[in-house]
Structures are given as structure tokens and as C-alpha cells.
1. How do the pairs read when you match residues in segment 118-129 that are under 15 Å from THR21 (Cβ atoms) and surrounded by 22 or more Cβ atoms within 10 Å (Cβ to Cβ) with residues anywhere that are among the hydroxyl-bearing types (Ser, Thr, Tyr) and at pLDDT 95 or above, using Cβ under 8 Å and keeping only pairs 6 or more apart or on different chains?
2. Report the residue count in segment 82-104 for those that are over 10 Å from the mean Cα position of the chain (by Cα) and either in contact (Cβ under 8 Å) with a residue 40 or more places away in the chain or surrounded by fewer than 17 Cβ atoms within 10 Å (Cβ to Cβ) (or both).
3. Which condition number does LEU146 fail, the rest of (1) over 23 Å from ALA45 (Cα atoms); (2) surrounded by fewer than 22 Cβ atoms within 10 Å (Cβ to Cβ) being met?
4. Of these, GLY38, GLY71, GLY50, which one is farther than 30 Å from VAL184 by Cα, in contact with a His (Cβ under 9 Å, 6 or more places away or on another chain), surrounded by 15 or more Cβ atoms within 10 Å (Cβ to Cβ) and small (Gly, Ala, Ser)?
5. Restrict the check to segment 138-160 and report whether at least one residue is at positive phi and at pLDDT 95 or above.
6. Among (1) within 26 Å of GLY51 (Cβ to Cβ); (2) modelled with pLDDT under 95, there is one condition GLN98 misses while meeting the rest; what is its number?
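The values are calculated or read from the model by the stated rules, or taken from the named source; none is laboratory data. Just so you know, these numbers come straight off a predicted model, no measurement behind them. Counting neighbours? That spans all protein chains shown, and the Cβs are built from the backbone with ideal geometry, glycine included.
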Amino acid sequence: MSDTIKKINQTEVSCELGDITRQQVDAIVNAANSSLMGGGGVDGAIHRAGGPTILQDCKKIRETRGQCAPGDAVITRAGNLQARYVIHTVGPIWHGGQSREAETLHSAYRTSLNLAAEACCNTIAFPSISTGAYGYPVELAAQVALSAVADFCKDIDTLKQVRFVLFDRTTLDAYKSALSTIEV
């Protein structure tokens, strides 16, 4: 296998350069904000590409359970996207690493994976959560992300593919490096 793909239990984990809104997977993960009302970066791109269905579903979730806390996730329909679902997760804002950021980021990935498994998803695509406007250093975030995915895949074998779809070469290189350190 190449340095961008690793098999963990029954799951193929991969890293690639691309546009997450164009992925043909069961679930796309959105790096959302707590309001679930859309925003910039990946969040805005997913809401724009998916159309009004996503925002309608997010509004219903807000009405019943309020905002989405950092480390938590919710699932909606995918609207116009080529996926079945969008899993909206809120990562931590980076405060230097002393405010439980790694634990919160790990939880964001784990909770997203749990929702995907509950929805009988076989394939899921993640962006790099919290590394944009939230300021989490990419190299550290990649280690947490791949560790969370590896832990999940070692325990649960329902997912066939976990794909990290990254928007620039620097981020891709950080995720490829983190993937290479994962023991199977």
C-alpha cells in the first residue's frame, strides 16, 4: 500500500488532495461551528454545495437540542451533495494545547464515526477539523485525527473506507505523515 493508504482492521484509511463537497461517500463530515448555521471555510462550502436541505435540518436540530458543543456531532441529510449524509462536528478552538483541545478533537472524530456507524455508512470523508479559523496546528491535529480513526477501526469494523480529503499540499503532507505512524 502507498503512503496515502493504510488498512486498519477491515477499514481502508486514506489521505488525498481534493474538494470534500465532491466526494461520493455515504457521509461527509463538516467542520461546523456550534451554531450549525453555516459559516466560512469547509462549513460554508458544504452548506453552499448541499443547498437549503442541510440548513433546514440543522435548524430542526437546534430547535430540539440547541447548539452543538465542541467534541460533539449531529447528522443531517446531504441535500445536493453526492453523499447520503452530512455529519456536522465541532472541533476545539486552539488555545495553546492546555485546554483539553486534543481530547475535544479526538471526541469530534470519534462521535462522527459513531454516528456514521449508527447510520449504516460504509464510507466517510473527513476534512481537517479545527485547523482553519480555529487555529489548531495541522501536524498536531493530524496525529489526533488519525489516532481517533485508528482506535475506532480497531474496535469496530463496519466502515469500509475512511477518507481524509484535504485542500492543500501542506495539510496533505501532515496527514500522510501521521498516517505512516499508525500501527496496525
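1. ILE124/SER112; PHE126/TYR109; PHE126/SER112; SER128/THR171; SER128/TYR175
2. Taking segment 82-104 and keeping what is over 10 Å from the mean Cα position of the chain (by Cα), we get 82-85, 92-104.
Adding the requirement that they be either in contact (Cβ under 8 Å) with a residue 40 or more places away in the chain or surrounded by fewer than 17 Cβ atoms within 10 Å (Cβ to Cβ) (or both) leaves 82-85, 92-100, 102-103.
So the count comes out to 15.
3. If we test LEU146 against (1) over 23 Å from ALA45 (Cα atoms); (2) surrounded by fewer than 22 Cβ atoms within 10 Å (Cβ to Cβ), just (2) comes out false.
4. Numbers: GLY71 fails: farther than 30 Å from VAL184 by Cα; GLY50 fails: in contact with a His (Cβ under 9 Å, 6 or more places away or on another chain).
Of the residues listed, the single one that is farther than 30 Å from VAL184 by Cα, in contact with a His (Cβ under 9 Å, 6 or more places away or on another chain), surrounded by 15 or more Cβ atoms within 10 Å (Cβ to Cβ) and small (Gly, Ala, Ser) is GLY38.
5. From segment 138-160, those at positive phi are none; that's our starting set.
Among the residues of segment 138-160, not one is at positive phi and at pLDDT 95 or above, which makes the answer no.
6. For GLN98, the failing item is (1).
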